[in-house]
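The values are calculated or read from the model by the stated rules, or taken from the named source; none is laboratory data. No experiment lies behind these values; they were computed from the predicted model shown. Cβ atoms come from the backbone with ideal geometry, glycine included; neighbour counts cover every protein chain shown.
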Amino acid sequence: MLAKIKSGALLGVDGFIVEVEVDMAFGLNIFHVVGLPDGAVRESRLRVPSAIENAGFKFPEGKITVNLAPADIRKDGTAFDLPMAIGILAAQRMLEPESKTTPTPKLDDYILVGELSLDGVVRPVRGALPLALLARSQGMRGIILPKENANEASVVTDIQVYGVDHLTEVSTFFRGTRKLEAHQCDMKVAEEENPRDFSEVAGQEVVKRALEVAAAGGHNVLMIGPPGSGKSMLAKRLPSILPAMTFEESLETTAVYSISGRLRKGGLVRRRPFRTPHHTISDVGVIGGGSGIPRPGEISLAHNGVLFLDELPEFKRNVLEVMRQPLEDGRVTLTRSLMTLDYPARVMVVAAMNPCPCGYFQSDGVQRCSCGVAQVKRYRNRVSGPLLDRIDIHVQVPAVDYKDLQKERRGDSSAAIRERVQGARKIQLARFSKRKMHSNSQMETRDLRKYCKLDDHGHHFLERVITQFGMSARAYDRILKLGRTIADLEGAANIEKSHLAEAVHYRTLDRCE
């Protein structure tokens, strides 16, 4: 007797159909699982029989073979427990309807995923959202999965999402003796607002302006300044001025958190991620990887959000270097012997560093730099030129003046800045409405020619700057993107010389040697 159940598995952030084939034959009591299963899948041979018995069903005697097709792709996780159990029940004809006149759901119309406890309770799994998207793309009627994953999966429209607590609910559903209610996503669920506000930062108006430009266009930022000047304080307040995510961005970010098992109850991720890895992190922790099927790293968990790298030169050299390709391409490609996976990595990198090991290089305060020239050079060389070239904005963060600390009014609030940022982003969304882009930082060369045209004054000005500072072609492109963002903040249709001058200012502030 043979039964086939539809399930799903993940390759990166994309799902693919796995057909769970269950064959029962006479012979010794043996339970085989084939189809390149990992350790967690093979352990289902122990979980599934106990779950079936404790749910009130009889586990069959004889030889049982479960094949996970396609058999040439490695399967991992515990999500195949539920389809295996339903396949065994179906092979025993225990899911036959009680009345032949009553229409019953068809097994082929649904994707089944879920881990089983020994008493038949269905436990949550990773990747519910990508699997729901898979069910819709394959034209399935719906997906049956653990109740804890139902709100996440029900974000996907045009399919039925059934959340279940126990194996018996699924068996009675297919027998036609129980009706399951399709789960409706609570789209009103929202996360807490960021309590930090830019008005709490004393002084640093130039830096605040630079972060406003960065937020408006999704640009990378490097802040250089002495200890206590407010670099970390400013970075932690950046999320309060970031624009709200579009629905497509929310889906992308939620999918990454779903497959990594970090998704909270409440469906969509609505606030842009803000990840702050410690400088002792490994390259695998940043870029992704691990044993078995590689998992997303910090740069993917920050997708559509901010990756804050405090004390940038303290990170290991290889950790910083592996980020160069993702920063350029907006994705991470992890190649292993049996597979190649792509994870999204479209992030704003915000980095902070001291100008020298002691932190007081060229300081105007009482503290004087105690570092030698060679020490300063070695310290700065920990961050490579190619990586710095990929950071659009380099801004100095000087020590805060006492008069600024005593001021009652400390600049615009986060709400006021965010309103300007939202206005600039609306212009960009309209500009790129026919492309899968959300900000100026994602523009490619052909887009620069179309949207960043300069007049003669702009061309002459930029030519002098590029020649004088010996900037690369990449730096030229970054200046154009910054100029476009500054123009959008002012609501200007064309990039003017003043916009280019501010953009160039952000590219030359780090040249203080």
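Here VAL373 meets the list (1) surrounded by fewer than 17 Cβ atoms within 10 Å (Cβ to Cβ); (2) touching a Gly at 6+ places or on another chain (Cβ under 8 Å) almost entirely, failing just condition (2). Residues of the range 226-244 that are among the β-branched types (Val, Ile, Thr) and surrounded by fewer than 19 Cβ atoms within 10 Å (Cβ to Cβ): none at all. Within the range 326-341, the residues that satisfy the criterion of being free of Cβ contacts under 8 Å to residues at least 24 places away in the same chain and exposed (fewer than 11 other Cβ atoms within 10 Å of the Cβ) are THR335, SER337. Would you check if there is a residue in the range 388-401 being of a type in the set (Val, Ile, Thr), in a strand (DSSP E or B) and at pLDDT 90 or above? Yes. Residues in the range 249-266: is at least one surrounded by fewer than 18 Cβ atoms within 10 Å (Cβ to Cβ) and under 25 Å from SER413 (Cα atoms)? No, there is no match, as no residue in the range 249-266 is surrounded by fewer than 18 Cβ atoms within 10 Å (Cβ to Cβ) and under 25 Å from SER413 (Cα atoms).
Taking the stated definitions as given, is ARG47 at pLDDT 95 or above, of a type in the set (Lys, Arg) and touching a strand residue (DSSP E or B) at 6+ places or on another chain (Cβ under 9 Å)? When the stated conditions are applied, ARG47 passes them. Collect the residues in the range 416-441 that are aliphatic (A, V, I, L, M) and either in contact with a strand residue (DSSP E or B) (Cβ under 7 Å, 6 or more places away or on another chain) or without any contact (Cβ under 8 Å) to a residue 60 or more places away in the chain (or both), keeping them in residue-number order. Residues satisfying the conditions are ALA416, ALA430, MET437. Which of the residues spanning the range 450-475 are in contact (Cβ under 8 Å) with a residue 12 or more places away in the chain and either surrounded by fewer than 16 Cβ atoms within 10 Å (Cβ to Cβ) or more than 19 Å from VAL395 (Cα to Cα) (or both)? Selection gives TYR451, CYS452, LYS453, LEU454, ASP455, HIS457, GLY458, PHE461, LEU462, PHE469, SER472, ARG474. Counting residues in the range 292-301 that are among the basic types (Lys, Arg) and exposed (fewer than 15 other Cβ atoms within 10 Å of the Cβ) gives zero. Out of LEU107, LEU82, one residue alone is of a type outside the set (S, T, N, Q), in the same structural domain as VAL33 (by TED's automatic domain parsing), surrounded by fewer than 20 Cβ atoms within 10 Å (Cβ to Cβ) and modelled with pLDDT of 90 or more. It is LEU107. Per the conditions (1) surrounded by 15 or more Cβ atoms within 10 Å (Cβ to Cβ); (2) in the same structural domain as ALA244 (by TED's automatic domain parsing); (3) modelled with pLDDT under 85; (4) on the phi < 0 side of the Ramachandran plot, the sole criterion not satisfied by VAL366 is (1). Among the residues of the range 23-63, the one identified as surrounded by 16 or more Cβ atoms within 10 Å (Cβ to Cβ), outside any helix (DSSP H, G or I) and in contact with an Asp or Glu (Cβ under 7 Å, 6 or more places away or on another chain) is PHE59.
Filtered by the rule that a residue be among the basic types (Lys, Arg) and either free of Cβ contacts under 8 Å to residues at least 12 places away in the same chain or in the same structural domain as ILE393 (by TED's automatic domain parsing) (or both), the range 489-503 gives no residues. Put simply, of ASP447, ASP412 the only residue that is of a type in the set (D, E, K, R), surrounded by 12 or more Cβ atoms within 10 Å (Cβ to Cβ) and part of a loop (DSSP other than H, G, I, E, B) is ASP412.
SER384 satisfies every condition listed in (1) surrounded by fewer than 14 Cβ atoms within 10 Å (Cβ to Cβ); (2) more than 17 Å from LEU312 (Cβ to Cβ); (3) in contact (Cβ under 8 Å) with a residue 12 or more places away in the chain except (2).
Got at least one residue in the range 446-456 being touching a Ser or Thr at 6+ places or on another chain (Cβ under 9 Å), aliphatic (A, V, I, L, M), modelled with pLDDT of 90 or more and under 23 Å from VAL221 (Cβ atoms)? No.
ARG346 meets each of the listed conditions (1) modelled with pLDDT under 90; (2) within 30 Å of LEU480 (Cβ to Cβ); (3) surrounded by 20 or more Cβ atoms within 10 Å (Cβ to Cβ) apart from (1). Candidates are the residues of the range 104-133 that are of a type in the set (Ser, Thr, Tyr) and assigned to a loop (DSSP other than H, G, I, E, B); the one that is farthest from THR253 (Cα to Cα) is THR104.
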